[in-house]
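The values are calculated or read from the model by the stated rules, or taken from the named source; none is laboratory data. Everything numeric in this text was worked out from a predicted model, so none of it was measured. Methodologically, a virtual Cβ is constructed for each residue, glycine included, from the backbone with ideal geometry; neighbour enumeration extends over all protein chains shown.
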Amino acid sequence: MQQSNVQASLRLGAFFMGALAAASSAAAFQVLPKVSDVDRKISTMGRNPVLDYLGHWFVGSAIPIMKSPVHESITLAAIGCNASLGSESECVTLEAVREHRILLYGVRWPDDPPFQLNAKSPPRIKGCDTGVTLRSTSQPLCWWGLFSDAGAQAKKKAYIKNPAFGPGDYMLYRSHYGDLQFMHAMGTYDGESAGDTVSRMRMWAEFLWGIASGTTSTGAYIRELGNSPLAAYFPGDITATNLFATGIVEVRKDLDKVAMGAFLHMVQDSFSNAHAERGQETGASCGATGFGKPGQIQRFRSYAKQSSTSHDEADTPKALGLHTMQISPSAVDVSRTFLKLWQEKKSWTDASVFFDCVFEPKDRTIEADAGPYEATRKAAAQTDPSRQ
Ligand SMILES: [Zn+2]
């Protein structure tokens, strides 16, 4: 490490330690099992161990999507946990996290997919080491730098009727701000029709179900998996193994669980008001399946013009508690049903009957918008760190 880098690290370190001291009393309640840190060890071997050590704290406790284990709570409640309705966060115990580590890695994957940095043209962002696979846990400061950059770029492109990022861009950019936002039950741009969004979600669900049930190859290039329209999203030499486990060897023998986790992530996001607007549940069943029908999708949301702060408020444990106490079938109930269908080894033909009932929008032509989460230009500049 060069002298100037050491000084910069120390300065940044002092900043983080100051912030840590200031926030320690609040942070004490937010210390959570790090559910997806299967790759954390490699960060100690990269070029920025000091920055990364501090960055773990920063990313894990200051960034809402990373600190709130809402998906983990829903998933563990769906698997079975004695917590009462509204107290799902009590399901997130170290023991439960250890037992279901790989499924929870999958549940977290759409928020934090691992990928390689471009060594020929490395990002000009502090803390980025092209020799280490990028995830929030392996290179937290680099991750945050890229996440902020993606947000800033996407905001500038918010008024074009196309996804801000696509094939060739980093997974982090595509998943949060680009063409893969269907993984979070959202439109990929402002103005996308609900029919297009749900078709993309269904394409993704079919692929995930195939991996989860072992009928789709994890070693074949995705572009060669029959005539799946997913090929257009992954035109290069990328397999399901690359997609889900780049740089993370230890989950590769359990990609079925990883895929099921990613499937549940999309299901769960569709119950967040910042992702999709659902009507009231009617008490009706999903046809012959016998499972309850959740409130119908009225429209999907688009992140492009949303305030990230108000978006994140819809994804907190408190919002989840209000949801599960008042709504049935809830995100937990629907997650449980899909887990049951998976454990019973149902084919996609069978599972898709329930999928269509859960996701079919009321009107396929209605366009995605920011909804009540729209950022005013002034407020966005004040509250969104990704904006200049
Ligand atoms: Zn999501």
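Checked against the criterion of being closer than 30 Å to A77 by Cβ, touching a helix residue (DSSP H, G or I) at 6+ places or on another chain (Cβ under 9 Å) and in contact (Cβ under 8 Å) with a residue 40 or more places away in the chain, region 218-228 has no qualifying residue.
Identify all residues within region 91-116 that are of a type outside the set (A, V, I, L, M, F, W, C), within 16 Å of the ligand (Cβ to nearest atom) and part of a helix (DSSP H, G or I); write none if there are none. Hits for region 91-116 are Y105, G106, R108, P110, D111. For G261, the criteria (1) touching a strand residue (DSSP E or B) at 6+ places or on another chain (Cβ under 8 Å); (2) at pLDDT 95 or above hold in every case but one, which is (1). Return yes or no: is H311 more than 18 Å from W204 (Cα to Cα), touching a residue at least 60 places away in the same chain (Cβ under 8 Å) and either charged (D, E, K, R) or not in a loop (DSSP other than H, G, I, E, B) (or both)? Yes, satisfied.
Looking across region 166-205 at every residue that is in a helix (DSSP H, G or I) and of a type in the set (F, W, Y), the one that is nearest to the ligand (Cβ to nearest atom) is identified as F182.
Looking across region 118-138, the residues that are in contact with an Asp or Glu (Cβ under 8 Å, 6 or more places away or on another chain) and more than 16 Å from the ligand (Cβ to nearest atom) come down to P123, I125, G127, T133, T137, S138. What pairs come out if I take residues in region 250-279 that are over 23 Å from R101 (Cα atoms) and pair them with residues that are charged (D, E, K, R) and within 11 Å of the ligand (Cβ to nearest atom) whose C-beta lies under 7 Å away, six or more apart or interchain? Hits for this filter: S272/D315; A274/D315; H275/D269.
Of the set (1) away from the ligand (no atom under 16 Å from the Cβ); (2) in contact with a helix residue (DSSP H, G or I) (Cβ under 8 Å, 6 or more places away or on another chain), all apply to E250 but (2). Among the residues of region 267-285, is any part of a helix (DSSP H, G or I) and away from the ligand (no atom under 16 Å from the Cβ)? Scanning region 267-285, I find no residue that is part of a helix (DSSP H, G or I) and away from the ligand (no atom under 16 Å from the Cβ), so the answer is no.
Being of a type in the set (V, I, T), in contact (Cβ under 8 Å) with a residue 24 or more places away in the chain, under 27 Å from D256 (Cβ atoms) and touching a Pro at 6+ places or on another chain (Cβ under 6 Å) is a condition met by at least one residue of region 86-93.
If I filter region 132-140 for residues that are surrounded by fewer than 21 Cβ atoms within 10 Å (Cβ to Cβ), hydroxyl-bearing (S, T, Y), under 21 Å from T309 (Cα atoms) and touching a residue at least 60 places away in the same chain (Cβ under 8 Å), do I get at least one hit? Scanning region 132-140 turns up no residue that is surrounded by fewer than 21 Cβ atoms within 10 Å (Cβ to Cβ), hydroxyl-bearing (S, T, Y), under 21 Å from T309 (Cα atoms) and touching a residue at least 60 places away in the same chain (Cβ under 8 Å).
Based on this model, can you work out whether R336 counts as outside any loop (DSSP other than H, G, I, E, B), of a type outside the set (G, A, S), touching a residue at least 40 places away in the same chain (Cβ under 8 Å) and within 16 Å of the ligand (Cβ to nearest atom)? So R336 fails the test. Against the conditions (1) within 16 Å of the ligand (Cβ to nearest atom); (2) in a loop (DSSP other than H, G, I, E, B); (3) within 24 Å of R252 (Cα to Cα); (4) at pLDDT 95 or above, L208 satisfies every one except (2).
Looking only at residues that are touching a Ser or Thr at 6+ places or on another chain (Cβ under 6 Å) and of a type in the set (A, V, I, L, M) in region 299-337, which one is nearest to T282 (Cα to Cα)? Here the residue is V332.
Of the residues K161, K155, the single one that is within 17 Å of Q306 (Cβ to Cβ), more than 16 Å from the ligand (Cβ to nearest atom) and outside any loop (DSSP other than H, G, I, E, B) is K155.
When the criteria are applied in full, S199 meets the requirement of being at pLDDT 95 or above, closer than 24 Å to F338 by Cα, out of contact with any Ser or Thr (no Cβ under 8 Å at 6 or more places or on another chain) and not aliphatic (A, V, I, L, M).
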